[in-house]
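Would you mind keeping the following structure in view while I ask a few things?
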């Protein structure tokens, strides 16, 4: 099954790759790796804002992380000239969670991205990962995730 077919089965349509919001590029391809800049939590309704441990549940944070993963895949698709069939695997994610100082469930939040990528890509979605807290994130979003992907 193709990645696009699996995404459709999961009810996910990739959006257009979000444009960068400042002086950087959305991704860099070097050799067979795509380094994707941090993707912030947003959906068709706009930014997903909140602070874990204050005004957002772990489940809502995990959904925000999933939206970041969808944006990551949109960037990879663009980096591959529209052909997601070139994606070999997810190598590494670094997830940042907007959270209070005493919040310690960052991994549960970033699982929203990890679980989605495994559901969409199977074993190719399994990756190394970091999940860290941030005192704040751009525009007040709940989650930001960057990633490294192997392509052919």
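Output yes when any residue across segment 37-52 is part of a helix (DSSP H, G or I), under 24 Å from residue 150 (Cα atoms) and modelled with pLDDT of 95 or more, and no when none is.
no
Also, I was wondering about something else. Scan segment 96-124 for residues that are within 12 Å of the chain's Cα centre (by Cα), buried (at least 18 other Cβ atoms within 10 Å of the Cβ) and closer than 24 Å to residue 9 by Cβ and jot them down.
Once the filter is applied, which keeps residues that are within 12 Å of the chain's Cα centre (by Cα), buried (at least 18 other Cβ atoms within 10 Å of the Cβ) and closer than 24 Å to residue 9 by Cβ, segment 96-124 yields 110, 111, 112, 113, 114, 116, 117.
Give 86, 152 a once-over and let me know the one that is in contact (Cβ under 8 Å) with a residue 60 or more places away in the chain and touching a helix residue (DSSP H, G or I) at 6+ places or on another chain (Cβ under 6 Å).
152
While we're on this one: Is it true that some residue in segment 45-60 is under 18 Å from residue 131 (Cβ atoms), in contact (Cβ under 8 Å) with a residue 60 or more places away in the chain and within 15 Å of the chain's Cα centre (by Cα)?
Within segment 45-60, one or more residues are under 18 Å from residue 131 (Cβ atoms), in contact (Cβ under 8 Å) with a residue 60 or more places away in the chain and within 15 Å of the chain's Cα centre (by Cα).
Residue by residue, here is whether (1) modelled with pLDDT under 95; (2) within 20 Å of residue 148 (Cα to Cα); (3) in a loop (DSSP other than H, G, I, E, B) holds:
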| position | (1), (2), (3) |
| --- | --- |
| 6 | no, no, no |
| 20 | yes, yes, yes |
| 25 | no, yes, yes |
| 35 | no, yes, no |
| 75 | no, yes, no |
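Sticking with this one: Taking segment 125-138, which residues are surrounded by 16 or more Cβ atoms within 10 Å (Cβ to Cβ) and in a helix (DSSP H, G or I)?
Once the filter is applied, which keeps residues that are surrounded by 16 or more Cβ atoms within 10 Å (Cβ to Cβ) and in a helix (DSSP H, G or I), segment 125-138 yields only 125.
Follow-up. What residue, of 34, 28, is over 25 Å from residue 105 (Cβ atoms) and either without any contact (Cβ under 8 Å) to a residue 60 or more places away in the chain or exposed (fewer than 15 other Cβ atoms within 10 Å of the Cβ) (or both)?
Testing whether each residue is over 25 Å from residue 105 (Cβ atoms) and either without any contact (Cβ under 8 Å) to a residue 60 or more places away in the chain or exposed (fewer than 15 other Cβ atoms within 10 Å of the Cβ) (or both) leaves just 28.
When segment 102-124 is examined, which residues are found to be touching a helix residue (DSSP H, G or I) at 6+ places or on another chain (Cβ under 7 Å) and part of a loop (DSSP other than H, G, I, E, B)?
Listed by number, the list holds a single entry, 105.
The values are calculated or read from the model by the stated rules, or taken from the named source; none is laboratory data. This is a predicted model, so every value here is computed, not measured. All Cβ positions, glycine included, derive from the backbone under ideal geometry; neighbour counts span all protein chains shown.
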